[in-house]
Amino acid sequence: MSTCDIGLIGLAVMGENLVLNMESRGFRVAVYNRTTSVVEAFEKGRGNGKNFVFAKSLADFVGALKRPRRAQIMVKAGAPVDAVIEQLIPLMEPGDVIIDGGNSLWTDTQRREKALKEKGIHFFGVGVSGGEEGALKGPSIMPGGSKEGWESLAPIYTKIAAVVDGSPCCRHMGPDGAGHYVKMAHNGIEYGDMQLICEAYAILKAAINPTAEEFAQIFTDWNKGELDSFLIEITSKIFTRKDPETGKPIVDLILDKAGQKGTGKWTVGHAVEMGVPLSVIGSAVEARILSSIKEQRVFASSILKGPAAKPFTGDRAKLIEAVRDALYASKITSYAQGMVQLGAASELYNWNLNFEDIASIWRGGCIIRARFLNRITEAYKKDPTLKNLMLDPFFAEVLNRTQSNWRIAVTSAVENGVAVPGFSSALAYFDSYRSANLPANLLQAQRDFFGAHTYERTDKPAGEKFHYDWLS
Ligand code: NBP
């Protein structure tokens, strides 16, 4: 009876593809879904004739698992995960492992891990990235939980993950919520990457208005260099696709109202809570929010005027190159911010996150997979305590080299009234971070003026506090 290596509950898009992946790598998998007809449809459909146990009850599902049991939950994040755990607990034994592979909030994972530990059950919060195709062919997997639990899961997860340079895109991230936190940060970075690409598109559109074919070529060219990544590749493909009804480029017919599921907001919220600047991802989240108020924007466009259109008289190729450099520099800045956030969370929760591992497992299977993650991996390999990615010699050289083009791209946007919150906030972070002096001396004076908050002096030892009698 108990013949399955692992079981999975929740046969929606991700669950179905993940179990097919597991089965294709030689594992026998028990599957269960709250609505039984979903299991039946899978049994008749994509699961037909394959090495599955199609369980119609949770008791049958657990009974089909080898000991120690490994039961993965792949249902909608939030209350459904708690509901499934509650049903599983009476059926599981100490030493068994329950895994939540959805996009759960890391604090929920910490709470669940603590509660299950008391029962001797290992709980794992596992981030899975790559969407439907990644789940089927090899995702990037970010597991968080106990070392003992990881020993039980590693043989399966390292086999179903994407592989880059012979190494699986799956490493143990750390205890309790570490895996889900890293996955959340990954999603935040994904928001940033997507926004930055859209801004590159917007600057070029306003300045030189390339055709869809030209845009496809621009992104194809960019994908051959430092920007080589999944998101640039799909962007180049998007520009080649035509609407069957009108024959127009489909991208020109898509309404400019972006959706979001919330992981970007969680990422930014926690960065703010920890006092970590995360301006690029923050801009990306806000840009989606602003895009979603389309009706207000249409109304505002009739009242609030931008600069008068000026015909472009410069060198098109040079502008394209400037925008490419600006995109690369902004992307580096976004990853630098994201890594600082991960470092702060690691310290806060004692996770001991390994940044080389994190960058390495993002190189394949996931949405942000990109050639430059090799460089980030190398940077943290050379210096695991690197304070900020911008300080790594390779990235410092890129930023110093591209900064003049970065400014040209942002200036072009500002002159044409095109919003580039990602590019410009990245540049502002770069300019702030590289400044030995900021205008915060005036700010401290203001604080001391109205609130007697005191200040330190440039000519006195650090830590010594002063107050000036501003009203006298
Ligand atoms: P969904 O997030 O759409 O969830 C649907 C599944 O949850 C169905 O199997 C459904 O069962 C089950 N479910 C719900 Br809803 N409430 C339940 C409850 N109270 N008890 C038991 N089962 C319940 O599925 P998904 O898109 O495959 O995503 C699964 C997880 O993976 C989510 O956390 C998601 O955020 C994450 N994720 C998704 C992607 C993606 O590209 N879609 C990528 C990476 C991660 P039913 O059939 O009985 O309604």
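The values are calculated or read from the model by the stated rules, or taken from the named source; none is laboratory data. Since the model is a prediction, treat every value here as computed from it, not as a measurement. A quick note on method: Cβ atoms are made from the backbone with ideal geometry, for glycine too, and the neighbour counts reach across all protein chains shown. To get the accessible areas, we keep the full protein, side chains included, count just its heavy atoms, and leave off ligands, DNA and RNA. Shrake-Rupley method; radii C 1.70, N 1.55, O 1.52, S 1.80 Å.
A few comments on the model shown:
- Some residue of segment 282-293 being without any contact (Cβ under 8 Å) to a residue 40 or more places away in the chain, surrounded by fewer than 24 Cβ atoms within 10 Å (Cβ to Cβ) and touching a Ser or Thr at 6+ places or on another chain (Cβ under 9 Å): no
- Residues in segment 240-256 that are over 20 Å from GLU190 (Cα atoms) and part of a loop (DSSP other than H, G, I, E, B): THR240, ARG241, ASP243, PRO244, GLU245, THR246, GLY247, LYS248, ILE254, LEU255.
- All positions within segment 61-90 that are open to solvent by less than 10 Å² (accessible area, probe 1.4 Å) and away from the ligand (no atom under 11 Å from the Cβ): PHE61, VAL62, ALA64, LEU65, ALA71
- Screening segment 248-263 for residues that are more than 13 Å from GLU213 (Cβ to Cβ) and free of Cβ contacts under 8 Å to residues at least 24 places away in the same chain and picking the one that is surrounded by the most Cβ atoms within 10 Å (Cβ to Cβ) gives ILE250.
- The test for being open to solvent by 10 Å² or more (accessible area, probe 1.4 Å), of a type in the set (Ser, Thr, Tyr) and either more than 14 Å from the ligand (Cβ to nearest atom) or in contact (Cβ under 8 Å) with a residue 40 or more places away in the chain (or both) does not hold for THR36.
- Residue in segment 203-210 that is in contact (Cβ under 8 Å) with a residue 12 or more places away in the chain and of a type in the set (S, T, N, Q) present: no
- Considering PHE450, PHE423, PHE430, the condition of being open to solvent by 50 Å² or more (accessible area, probe 1.4 Å) and either within 32 Å of the chain's Cα centre (by Cα) or over 30 Å from ALA206 (Cα atoms) (or both) is satisfied by PHE450 alone.
Table: residues versus (1) part of a loop (DSSP other than H, G, I, E, B); (2) within 25 Å of SER292 (Cβ to Cβ).
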position	(1), (2)
LEU227	yes, no
SER236	no, no
ALA258	yes, yes
LYS265	no, yes
VAL268	no, yes
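- Filtered residue count, segment 366-378, keeping only those that are open to solvent by less than 10 Å² (accessible area, probe 1.4 Å) and in contact with a helix residue (DSSP H, G or I) (Cβ under 6 Å, 6 or more places away or on another chain): 3
- Residues in segment 264-281 that are open to solvent by less than 30 Å² (accessible area, probe 1.4 Å) and of a type in the set (Gly, Ala, Ser): GLY264, ALA271.
Every residue, every condition in (1) closer than 14 Å to HIS180 by Cα; (2) under 17 Å from the mean Cα position of the chain (by Cα); (3) within 11 Å of the ligand (Cβ to nearest atom); (4) open to solvent by less than 10 Å² (accessible area, probe 1.4 Å), yes or no:
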{"site": "ILE98", "(1), (2), (3), (4)": "no, no, no, yes"}
{"site": "ASN103", "(1), (2), (3), (4)": "yes, yes, yes, no"}
{"site": "THR109", "(1), (2), (3), (4)": "yes, no, no, yes"}
{"site": "HIS122", "(1), (2), (3), (4)": "no, no, no, no"}
{"site": "GLY127", "(1), (2), (3), (4)": "yes, yes, yes, yes"}
{"site": "GLY131", "(1), (2), (3), (4)": "no, yes, yes, no"}
{"site": "PRO143", "(1), (2), (3), (4)": "yes, yes, no, yes"}
